[in-house]
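Below is one structure, written out as C-alpha cells; comments come after it.
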Amino acid sequence: MSRYQNLVNRMRNGECILIDGATGTEMERRGVPQLKNAWNGGGALSDPDILRQVHRDYIGHKAEIIISNTFATHYHALRDAGVADRFEALNRRGVELAVEARAEMDKPEVLVAGGISYWSWTGDHPPLDELKPAATQQVEIMAAAGADLIMLEMMIDIDRMLEILEAAQSSGLPVWVGLTCSLDDKGVVTLRNGELLSAALAAISDKQVDLVNIMHTEVEDIDACLEVVRANWSQLVGVYAHSGEFADDKLNFTSTMSPGEYCASAKRWVDGGLNLIGGCCGIGPRHVQVLSETLYSN
C-alpha cells in the first residue's frame, strides 16, 4: 500500500493527521530574502539548507505531511519577478528539498505535497487560457521530483480553481484543494473573490478530490467555514489557518497568535471531526510542536 493510501485510510478511519505549518513566512523569519513579486518563492535556490531545515523541524514535531515551498513559483509569478528562467529549477528543488528532509529524518511514511497556486503579487492574475498549460508543466516537474500529491493552495475563484485542478490531475497524482475564505458583510461564507464557498464545493463534488482544506483563512472565520463544509462536502476535511498582519508582503511576526491560542482553536476544530490540522502563514514550528504535544500526546 502506498504511503498516500495508508494515510488516507487512517483519516477515513477517524484519525486527524498533523501537517506542517508555514514554510514561506518561516523562511522569511529565518532571514531568507524575498523575490519582488514572487514573495518567498526563491528559497529553494538561494537558501536550500534553511528550507530543508524548516521541513526537518516540522517532521521533528511529528508532522506527517510537508508542503513544498512552491506556492509562489508558478510561471506567472516568476515572470513578474523577472526570473521565469528559474521556473523548472525552483519547482524541482522545492520538492526535492522536502524529499531530502524526509530521508534525513528517516521518516519514509511522511508525505511530500507539491504546493501550487495562481496568486499574483502584482494583481495581474494569469488568464484562464494561460493558467492550465503553465500549471500542467509545474505539476509534471513536481511529480518527477518525488511529490506524493499535489496541494492546490489559496483557490479564491471557481473558474481558475477548476482549470488548475484539471491541470494538477493530469500529473496522475492525488490532488487536494485548498480554499481561502472569508465572511461577507452579511456573515455569509465566501471565497476571497466573493463567490459562495458552497458553490465552490459543489463545483468539485464530482472531481475525485479526496480532501478539501480551508487554508490561509482567518482563525476567527474557520468555525463558520466548517459549518458550510460539513453541509456541502462528504469527503475528508482539513484546516490550516493563518495568523498575523502583512505590510508590503512581509509578515509582522509580533501580530501572530501564540501557539497556545492557536492550539485552543485547533482543538475545537479537531473535536468537531476534522481529518487534518496544521497551519499557514505565521503558524510556525513552535505552533506545530504545541499542536503535537497537546493533540497527540497519547
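The values are calculated or read from the model by the stated rules, or taken from the named source; none is laboratory data. Please read these numbers as outputs of a predicted model, since none were measured by experiment. Because the Cβ atoms are built from the backbone with ideal geometry, glycine has one as well, and the counts that use them run over all protein chains shown. Each accessible area value is taken on the protein alone, full model and side chains, heavy atoms only, with ligands, DNA and RNA left out. Shrake-Rupley method; radii C 1.70, N 1.55, O 1.52, S 1.80 Å.
Descriptive notes on the structure:
- Rounded accessible area of Thr254 (nearest 10 Å², 1.4 Å probe): 130
- Ordered by 1.4 Å accessible area with all protein chains kept, Val270, Val139 run largest first as Val270, Val139.
- The stretch between Asn6 and Glu88, if pulled fully straight at 0.36 nm per residue, gains 26.5 nm over its current Cα-Cα span.
- What the chain shows is 39 Å² of accessible area per residue, with the surface traced by a 1.4 Å probe over protein heavy atoms.
- Largest to smallest in accessible area, the residues Arg10, Arg230, Arg79 fall in the order Arg230, Arg79, Arg10 (1.4 Å probe, all protein chains included).
- Computed over region 40-119, the P(r) curve from all C-alpha pair distances, binned at 10 Å from the origin, holds 21, 50, 23, 5 percent per bin.
- Taking the square roots of 5 times each eigenvalue of the Cα gyration tensor of region 64-168, largest first, gives ellipsoid semi-axes of 24, 15, 11 Å.
- Residues of region 141-164 with an amide N closer than 18 Å to a point placed 7 Å from the Cα of Glu195 along the Cα-to-Cβ direction: 152-164.
- Convex hull volume per residue in cubic angstrom - Cα atoms of region 26-68: 64
- Counting only protein chain heavy atoms and rolling a 1.4 Å probe, the accessible areas of Glu220, Glu130, Glu100 rank, largest first, as Glu220, Glu130, Glu100.
- The label point for Lys267 and the one for Leu183, both projected 7 Å from the Cα toward the Cβ, are 2.3 nm apart.
- The tail of the calculated P(r) for the chain, taken as Cα-Cα distances beyond 26 Å, holds 38 percent of the pairs.
- Rounded accessible area of Phe253 (nearest 10 Å², 1.4 Å probe): 70
- Cα pair count fraction exceeding 17 Å, expressed as % - region 187-298: 56
- Sequence-separation-based contact order of the chain, relative, with Cα cut under 8 Å and 6+ spacing, percent: 19
- Protection proxy ranking of 243-250, 149-156 - average other beta-carbon atoms within 10 Å, highest first: 149-156, 243-250
- Against the rule of thumb 2.2 N^0.38 Å, how large the Cα Rg of region 126-191 comes out: 1.25
- The chain: calculated mean residue ellipticity at 222 nm from DSSP helix runs of at least 4, using -39500 (n - 2.57): -13000 deg cm²/dmol
- Candidate aspartates and glutamates - alpha carbon under 19 Å from Lys36, same-chain residues fewer than 8 apart omitted: Glu26, Glu28, Asp47, Asp80, Asp85, Glu88, Asp124, Glu245, Asp248, Asp249
- Under 29 Å from the Cα of Lys62 - lysines, other chains or at least 8 residues apart: Lys107, Lys250, Lys267
- The lysines whose alpha-carbon is closer than 17 Å to the alpha-carbon of Lys207, local same-chain residues fewer than 8 away aside, are Lys132.
- Between Glu293 and Thr254, the FRET efficiency estimated from the beta carbon spacing at R0 = 22 angstrom works out to 0.40.
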